[in-house]
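Peer 1: My questions all concern the structure below.
The values are calculated or read from the model by the stated rules, or taken from the named source; none is laboratory data. Nothing here was measured: the structure is a model prediction, and the numbers come from that model. No Cβ is skipped: glycine too gets one built from the backbone with ideal geometry, and neighbour counts run over all protein chains shown. Ligands, DNA and RNA are excluded from the accessible area calculation, which covers all protein heavy atoms including side chains. Shrake-Rupley method; radii C 1.70, N 1.55, O 1.52, S 1.80 Å.
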Amino acid sequence: RILFLDIETSLLLAYTFGIRDQHITHKQIANDRGGKLIHCVGLKWRGKKPWVLSEWTHGYEAMLEGAHKALCEADAVATYNGASFDLPKLQGQFVLAGMEPPPPPTQIDLYKTARKLGYVSNKLDYLAPLLGLGSKVKHDGLEMWVDVFNGCPKAQKKMERYC
């Protein structure tokens, strides 16, 4: 069974002395939500309908448990830059939640594949239409993350669609 997976992470609030060339340390973090880094997890079994687990609909622990269960059932996990981003973030959250790590999945990282094919850009927003796969859900950029961070239900629904 092949599981397609994507996560959307939360913003961090930090104190800075400027906007250019800043190195921000952990001592400057004003709010990291108690280490809770993930807002939602998009999941889809190959050939089935996608679903989203989110902290605002399911609760943080249930969201992680659902993602963990799916990873345990997967023969392979397909992501876009998930080997470097999504899966390590999830693994860290599983540890913080006291969960055993799921068995290491066979990883199909489509970003790594795209990089080997010499496209002009490896951004998913560029490649999906080029390959006839549709396009990413449009959103307001950083503003959506800010609104989600601040608990806006409309932004949360948009993030779920985006994920």
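Peer 1: Enter the accessible area of Ile108 (Å², nearest 10), with the probe set to 1.4 Å and all protein chains included.
Peer 2: Surface accessible to solvent at Ile108 totals approximately 60 Å².
Peer 1: Here is a follow-up. Apply the a/c threshold of 1.5 to the C-alpha gyration tensor of region 100-153 and tell me whether it is rounded, prolate or oblate. Please list the in-between numbers first.
Peer 2: Working: a/c = 2.80, a/b = 1.22, b/c = 2.31.
Oblate is the answer for region 100-153, as a/c is 1.5 or above yet b/c matches or exceeds a/b.
Peer 1: Evaluate the distance, in nm, between pseudo-label points positioned 7 Å from the Cα of Arg161 and of Asp125 along their respective Cα→Cβ axes.
Peer 2: Simple spin-label model gives 1.6 nm for this pair.
Peer 1: Rounded if a/c is under 1.5, else prolate if a/b beats b/c, else oblate: with a ≥ b ≥ c from the C-alpha gyration tensor eigenvalues square-rooted, which is region 51-163? Spell out each step's value before the answer.
Peer 2: Values: a/c = 2.23, a/b = 1.12, b/c = 1.99.
Here region 51-163 falls in the oblate category.
Peer 1: Something else about it: Restricting to the chain, compute how many DSSP beta bridges are antiparallel as a %, nearest 5. Each step should come with its number before you reach the end.
Peer 2: On the way: 13 of 20 bridges.
Percent antiparallel among DSSP bridges in the chain is about 65.
Peer 1: OK, next. Mind listing the long-range amide H neighbours of Ala78? Cut-off is under 5 Å, sequence gap 5 or more, other chains count too, H placed in the peptide plane at 1.01 Å from N.
Peer 2: Close amide H contacts, sequence-distant or interchain: Leu3, Phe4, Leu5, Ile108.
Peer 1: Sticking with the crude label model, points 7 Å out along Cα→Cβ, report the distance from Ala30 to Leu110 in nm, one decimal please.
Peer 2: Inter-label distance under the simple model: 3.7 nm.
Peer 1: Per-residue counts of other Cβ atoms within 10 Å, averaged by peptide: what ranking do you get for 122-128, 44-50, highest first?
Peer 2: Details: 122-128: 15.0, 44-50: 11.3.
Descending packing order for the listed peptides: 122-128, 44-50.
Peer 1: Ordered by residue, what ³J(HN,Hα) values in Hz, to whole numbers, does region 13-21 give under the Karplus form 6.51 cos²θ - 1.76 cosθ + 1.60, where θ = phi - 60° and Gly and Pro are x?
Peer 2: 9, 9, 8, 9, 9, x, 10, 10, 6
Peer 1: With a 1.4 Å probe and all protein chains in place, put Asp21, Asp140, Asp86 in order of accessible area, largest first. Mind showing how you got there, number by number?
Peer 2: Values: Asp21 145, Asp140 100, Asp86 5 Å².
Solvent-accessible surface, decreasing: Asp21, Asp140, Asp86.
Peer 1: Hey, another quick one. Please give the contour-minus-distance gain from Ala62 to Glu143: 0.36 nm per residue of separation, less the Cα-Cα distance, rounded to one decimal in nm. Let's see the in-between values first.
Peer 2: Values: separation 81, 0.36 × 81 = 29.16 nm, distance 2.65 nm.
Value of the extension gain: 26.5 nm.
Peer 1: Could you size up the charge dipole of the chain around its Cα centre, putting +1 on the beta carbon of Lys and Arg and -1 on that of Asp and Glu, and report it in debye to the nearest 20?
Peer 2: On the way: 21 positive and 17 negative charges, 101 e Å.
Dipole about the Cα centre, nearest 20: 480 debye.
Peer 1: Could you point to the residue in His58, Asn31, Leu43 farthest towards the positive end of region 23-71's charge dipole, with +1 and -1 charges on the Cβ of Lys/Arg and Asp/Glu respectively?
Peer 2: Final value for the positive-end residue is Leu43.
Peer 1: Now for a different question. Give me the number: length gained by fully extending Leu117 to Val95, i.e. 0.36 nm times residue separation minus the C-alpha to C-alpha distance, one decimal in nm. Can you show the working numbers first?
Peer 2: Values: separation 22, 0.36 × 22 = 7.92 nm, distance 3.53 nm.
Length gained between Leu117 and Val95: 4.4 nm.
Peer 1: Quick one: pull the percent of accessible area on region 56-112 belonging to carbon and sulfur, 1.4 Å probe, ligands and nucleic acids left out. Please list the in-between numbers first.
Peer 2: Details: 1630 of 2880 Å².
Exposed carbon and sulfur together represent 57 percent of the surface.
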